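The values are calculated or read from the model by the stated rules, or taken from the named source; none is laboratory data. As the structure is a computational prediction, the values presented were derived from the model and not from experiment. No Cβ is skipped: glycine too gets one built from the backbone with ideal geometry, and neighbour counts run over all protein chains shown. In case anyone asks, the SASA skips ligands and DNA or RNA and just uses the protein heavy atoms, side chains included. Shrake-Rupley method; radii C 1.70, N 1.55, O 1.52, S 1.80 Å.
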Amino acid sequence: MLLKQQVLLRQKLFVLGSLAIGSLLYLVARVGTLDRLQPICPIESRLAPPGLAEQISLRTLQYKRSLLQELRKGNATKEQIRLHNLVQQLPRAIIIGVRKGGTRALLEMLNLHPAVVKASQEIHFFDNDQNYARGMDWYRGKMPFSFPHQITIEKSPAYFITEEVPERIFKMNSSIKLLIIVREPTTRAVSDYTQVLEGKERKNKTYHKFEKLAIDTNTCEVNTKYKAVRTSIYTKHLERWLKYFPVEQFHIVDGDRLITDPLPELQLVERFLNLPSRISQYNLYFNATRGFYCLRFNIVFSKCLAGSKGRTHPEVDPTVVAKLRKFFHPFNQKFYQITGRTFSWP
């Protein structure tokens with residue numbers, strides 16, 4: 001009988017011990033799981049001010065991006081705006097040009113960065129007298145909602161070539177950062193022509209050939225009155241801006257490289273804007289069908305630029321191309337000298 005009681009006691013102790021060990025293992029696993037589930041930092045924490053190198057919680061940034069997307073759709077209430085301390089800020093950086101240099105691609109790619117909020121439409125505030133007369137409050141009202149430490153960026157390519165714009169932007173913010181994206185000047189001029197030509201064709205209108213517009217038929221010299229040619233004389237326009245802003249406030253983006261290898265160009269812009277490095281190769285994938293890079297925001301949301309991007313250029317007489325390249329060459333050399341950035345343009 002005594003032996004039987006001892007056996008039963010040992011069995012009970014074994015069962016109790018097993019339960020205790022199981023409970024302990026469960027608690028350890030649970031604590032580890034909870035620890036892994038904790039955000040890197042609380043959602044309420046804000047984005048670090050530009051220029052700081054602290055690591056920013058990706059969960060926080062994804063949360064904020066989704067909230068801002070709801071705002072753009074008009075689904076956020078005034079209470080949500082107040083609760084999350086959202087504001088409409090004047091831009092701290094502007095893509096001022098150039099037309100057909102890749103301004104839309106640059107803006108959309110920078111929008112991959114969680115610290116950047118973009119104005120979806122071209123505002124044309126500083127280059128349009130009627131808009132400018134509406135005042136700075138009107139301009140601010142055209143900006144997207146953002147968190148206080150995010151950077152709002154807008155792009156209007158006409159700013160670069162419009163005479164009144166540098167002084168107007170200077171009066172708004174003399175320390176603003178200015179982005180200029182350029183392509184090989186002759187290629188840019190042909191791209192400019194191609195966009196106008198497509199618009200004419202949609203309206204069943206005829207249009208001159210590029211050669212007739214780019215070359216003065218009376219003198220057989222380059223026609224500097226043709227807007228597509230004038231816009232490609234980058235140094236002439238930049239000199240006007242340098243009357244108001246030091247060269248250090250400009251960053252030149254290689255629009256040709258942004259098409260073929262965008263990440264290095266975007267990383268240079270991140271540094272110029274004093275942003276922590278957040279855009280990676282994961283965010284950019286080559287679409288063989290479209291022939292250029294598309295954007296990946298996360299595992300769910302990807303985006304390609306509009307179908308109007310990457311138009312096929314018409315064939316241009318090689319002698320005209322050669323004449324244009326020779327014409328642009330001295331201006332290009334001066335542009336390199338002023339900006340400190342050299343391109344392998346002919």
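Numbers below:
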{"item": "Spin-label model distance (nm) - Asp137 vs Ile338, 7 Å beyond Cα toward Cβ", "result": "3.7"}
{"item": "Of Lys155/Lys243; Lys100/Lys323; Lys203/Lys227; Lys200/Lys303, pairs whose Cα-Cα distance is over 26 Å", "result": "Lys200/Lys303"}
{"item": "For the range 175-268, average projected area of the Cα convex hull in nm²", "result": "8.4"}
{"item": "Extension gain (nm, one decimal) between His329 and Cys304, 0.36 nm per residue minus Cα-Cα", "result": "5.6 nm"}
{"item": "Mean projected area in nm² (Cα convex hull; one quarter of hull surface) for the range 253-325", "result": "6.9"}
{"item": "Per residue accessible area in Å² of the range 232-346, where ligands, DNA and RNA are left out and the probe is 1.4 Å", "result": "54"}
{"item": "With DNA, RNA and ligands ignored, accessible area of Ser175 (1.4 Å probe; Å², nearest 10)", "result": "80"}
{"item": "Per residue accessible area of the range 110-158, 1.4 Å probe, in Å²", "result": "37"}
{"item": "Theoretical FRET efficiency, 1/(1+(r/R0)^6), r = Cβ-Cβ of Glu198 and Asn85, R0 45 Å, to 0.05", "result": "0.55"}
{"item": "Carbon/sulfur fraction of accessible area - the range 227-326, other protein chains in place, 1.4 Å, %", "result": "54"}
{"item": "FRET efficiency estimate (nearest 0.05) - Cβ-Cβ, Lys236 to His208, R0 25 angstrom", "result": "0.55"}
{"item": "Between the range 117-135 and the range 267-346, the alpha-carbon center distance in angstrom", "result": "25"}
{"item": "Qualifying chymotrypsin sites (Phe, Trp or Tyr not before Pro) in the range 286-325, DSSP loop, other Cβ atoms within 10 Å at most 11", "result": "Phe301"}
{"item": "Coil-residue trypsin sites (Lys or Arg not before Pro) of the range 249-296, DSSP, other Cβ within 10 Å capped at 15", "result": "Arg290"}
